[in-house]
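What follows is calculated from the coordinates using simple rules that are stated; it is not laboratory data. The shown structure was predicted, so the numbers you read here are calculated from the model rather than taken from an experiment. Glycine gets a Cβ as well: all are built from the backbone with ideal geometry, and neighbour counts include every protein chain shown.
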Amino acid sequence: MNGSMSHLAAVRLVAGRELSERLRSRATRFISVLMPLLVVLLIAIPALVHLPSQPTRIALAGPAAQSLRGELRAAAGAAKMLVTVQDRTPGQAMADLKAGRVDAVLAAGGGQAVVTVRGSVGYFSTQTLPPAVQSLLQATLDAAHRQAVLLAAGVSPATLRAAFQPVPLAVRTLKPLPTDQTARDVAGLAAAMLLYMTILLYGQSLVASVAQEKTSRMAEVLLGAVRSVDLLTGKVVGMGIFAFGQMAITVAAGLVANAVFHSAVIPGTIWVLLPMVLFWFVLGYTLYSFGFAVAGALVGRQEDVQYVVTPFNIPLVLGFLLTYLELADPTNVWVRVISFLPPMAPVLMPARMAVSAVAPWEMPLAAILTLLAIYGEVRIAGRVCAPALVAGGGRLSWRTALSLRRG
Amino acid sequence: MLEIQGLEKRFGAIEALHDLSFAVQRGEVFGFVGSNGAGKTTTMRAVMGVLEPDRGSIRWDGQPVSLDARRRFGYMPEERGLYPTMRLGDQIRYLAQLHGLSAADARRDAALWLGRLGLGGRLGDEVQKLSHGNQQRAQLAAALAFGPELLILDEPFAGLDPVAVDVMSGVLRERAAEGVAVLFSSHQLELVERLCDRVGIINAGSMVATGSIAQLAQSAEARLWVDAPGAGPLWPDLPGVTVERREGSRILLNLGPHPDDQAILASALATGPVREFRRDAPSLAELFRSVLSSGEERS
């Protein structure tokens, strides 16, 4: 037996145990499957509900209605709507409607027009035509009526055609946005949510794991063989590898699902955003996990976990909520300033980078500040954890923990 | 050799250890006995670095105890420390690796020790599924599986059935024979007496007696069992000799500070036949009570 062991070897052993025990846990395996599944469902369901546009099938019942065929097709073309038009006798048209072969029957005559729809009851009830189709038919009837009146008044067909030509309407924007801005907003929110959820979920798991080592008195045995900093680092690394793997699988599942269902437009900046999310995950997870690990060493029993994590959950939630403010107003100065602060930067900075253009110096500055915070936190963790892990009695306050020495 | 010198430790107003000194040699089983709260666990936790003493030194083989040295110590805390949901075999292997064994050696030794302690068929079970006694065996396996040079065992026999006690005792004797220093605490004084080469009695944070049972017995007041049926109720009328107890015709005599057993024998023979005449060997329990009561009288 060799008594000496490098920091790296100790960290590797602790991380290996953390990872293998996590993979062995039934609850973890369940969550590992559940998270990608939820993401796939979130992407697939909207796509399945809004099926690719099917043409609206309209039967024109009788000669009067069939005389509107040209106007109807022209109006549908102008409105960029998919419409198929079928000439039927009134009897055939109603039979087709009942059998579901057409969506609506248009009958006209005597200065009136009637549209008949089948109607159905279910998750997506249809008691009438979609508003766009109804507007289309109304515009067709109005146009036909005006043309008939004007023809009767002696207006020439050429003048009529010129008068009924659609006038194109152009929309100008004073401050043009990137064409994929909506996609970037969605990506920013998704990145913030992913970082927030992953850090929160696995940070809490880390607290529970450290608390278990303390309450089961395992820490007393471990600290006879491992430095407290190596023990914590190993746990952080082991859990971090698992969390990263979980996040990568979830992102991959989301991208594959989106490629299949075409639910959302992927912004052109995705290949810059993904490494940034990864980078900020590493920084954010490290920052929070050392704090969570120290929090775990403060508990007196497993039930104390919720109390000790509160000081870390608040800035994490705040960072995530500020993402919505960033989406609403990317020029907000407060959001910009807060995005540099280490507790909020890991969630807010990548979201800002996704949504709007950030200056080249902003991300490095936020990263440096976060790294400094991590350094300070590791120093505190090294000092506090060993005595806190072997301290008896109930839950320790932060003040007490900071004043502890072994014994 | 483990040397503890002048150890002091306070917890607020309570003085847990006061100028505590003793040593445990390699190859020796040292029994650490004392009342509840006497300072046994505090001493062991100080050796393992779980708490820092306020004063004093702890040395192993002449050097202050470092983390590298502690990796060569097997430790069984009073409140058992094992991961409840981890598989037994994985757990012992992991702890052995943390103490410096290679993965292959750790796997081999974990299986070996769990097998020896009767847990060979439970390697794949979670620790929380084991009985209290089996968890105790598992904890001992964790302390043994990396070939430690020193074993620090806090109440290792508490709650064990007689068979498990025999198994554990055999293992400790065997380890000592291999040159391992064994320091363990226990309230089972008969067991300590049977198992230990030397004993240390701690009271209120101070070591009040150390030595082999024979050495401790020598320091106690000499006593004699005498069976002289012809002796009258006033016998013996000798200076310094008192009767401690009578059991029929048998009398237990306390010889006082200047024992002269030949004078007593002559006096007994003068009353008639003498059927029994032998020194009384006090048990550890009696020595323990005697040491504690004399300490209380002094204070």
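Some points to look at:
- Sequence of A:236, A:260, B:171, B:127 once ranked by neighbouring C-beta atoms within 10 Å, starting from the fewest: A:260, B:171, B:127, A:236
- Of all DSSP beta bridges confined to the protein assembly as shown, the antiparallel ones make up roughly 60%.
- Remark: the range B:17-146 is approximated by an ellipsoid whose semi-axes, taken from the C-alpha gyration tensor as √(5λ), come to 29, 17, 13 Å, largest first.
- Antiparallel %, DSSP beta bridges [both residues in chain A], to 5: 40
- Longest DSSP-loop-exposure-free segment, GluC sites (Glu not before Pro), chain B, at most 16 other Cβ within 10 Å: B:80-177
- Within a Gaussian network of chain A (alpha carbon springs, distance under 10 Å), most fluctuating of A:163, A:75, A:211: A:163
- Net +/- balance of residues flanking residue B:101 in space, Cβ distance below 12 Å, scoring K and R +1, D and E -1: +3
- Among A:80, B:40, sorting on how many other beta-carbon atoms sit within 10 Å of each Cβ, with the fewest leading, yields A:80, B:40.
- Over all distinct Cα-Cα pairs of chain A, the Kirkwood formula returns a hydrodynamic radius of 26.4 Å.
- Estimated dipole of the range B:164-257 in Debye, rounded to 20 [Cβ of Lys and Arg +1, of Asp and Glu -1, Cα centre]: 80
- Translational diffusion coefficient (Stokes-Einstein; Kirkwood radius from C-alpha pairs) of chain B at 4 °C, 1.567 mPa s, in µm²/s: 60
- GNM top mover of B:103, B:69, B:217 - chain B, alpha-carbon springs below 10 Å: B:103
- Sites matching trypsin sites (Lys or Arg not before Pro) across the range B:110-201 that sit in DSSP coil, with at most 14 neighbouring C-beta atoms within 10 Å: none
- Acute angle (nearest 10 degrees) that the helix A:69-78 long axis makes with the longest principal axis of chain A, alpha-carbon atoms: 30
- Put the Cα centre of the range A:2-46 next to the Cα centre of the range B:104-142 and the gap is 26 Å.
- Longest exposed-site-free window of chain A, the sites being chymotrypsin sites (Phe, Trp or Tyr not before Pro) in a DSSP loop that have at most 16 other C-beta atoms within 10 Å: A:165-360
- Calculated over the range B:171-281: convex hull of Cα atoms, volume per residue (Å³): 154
- Ordered by the count of other Cβ atoms within 10 Å of each Cβ, fewest first, A:363, A:239 give A:363, A:239.
- Projection of the Cα convex hull of the range A:233-388, averaged over all directions and equal to a quarter of that hull's surface, yields 10.6 nm².
- Computed Kirkwood radius, in angstrom, where 1/r is averaged over Cα pairs of the range A:215-322: 16.7
- Cβ charges +1 (Lys, Arg) and -1 (Asp, Glu), total dipole of the range A:1-40, debye: 120
- Largest GNM mean-square fluctuation across A:313, A:258, A:332, computed for chain A with C-alpha springs under 10 Å, falls on A:332.
- Distance from the range B:204-230 to the range B:4-20 (C-alpha centre basis), Å: 28
- Extension gain, residue A:328-residue A:402: 0.36 nm per intervening residue step, less the Cα-Cα distance, totals 22.5 nm.
- Sequence-distant contacts, meaning Cα pairs under 8 Å at least 6 residues apart, place the relative contact order of chain A at 20 percent.
- Rounded to 0.05, the FRET efficiency of the residue B:54 and residue B:79 pair, given R0 = 25 Å and the Cβ-Cβ distance, is 0.60.
- FRET efficiency estimate (nearest 0.05) - Cβ-Cβ, residue B:285 to residue B:263, R0 30 angstrom: 0.50
- Overall dimensions of the range B:21-96, expressed as equivalent-ellipsoid semi-axes from the Cα gyration tensor (√(5λ), whole Å, largest first), are 24, 17, 13.
- Magnitude of the charge dipole, the range A:331-407, Cβ model with Lys/Arg +1 and Asp/Glu -1, debye to 20: 400
- Evaluated at q = 0.16, 0.18, 0.26, 0.28 Å⁻¹: base-10 log I(q)/I(0), Debye formula over Cα of the range A:49-114: -0.54, -0.66, -1.13, -1.21
- When you filter the trypsin sites (Lys or Arg not before Pro) in the range A:215-312 for DSSP loop state and at most 12 other Cβ atoms inside 10 Å of their Cβ, you are left with A:301.
- Angle between chain B longest axis and helix B:132-144 axis [Cα atoms, degrees, rounded to 10]: 80
- Counting all C-alpha pairs of the range A:69-170, share separated by more than 15 Å (%): 69
- Cα gyration tensor category, rounded, prolate or oblate, for the protein assembly as shown with a/c compared to 1.5: prolate
- Partner lysines for residue A:214 [C-alpha distance under 30 Å; skip if fewer than 8 residues away on the same chain]: A:235, B:9, B:40, B:129
- Degrees between helix B:103-116 axis and first principal axis of chain B (Cα, 0 to 90, nearest 10): 40
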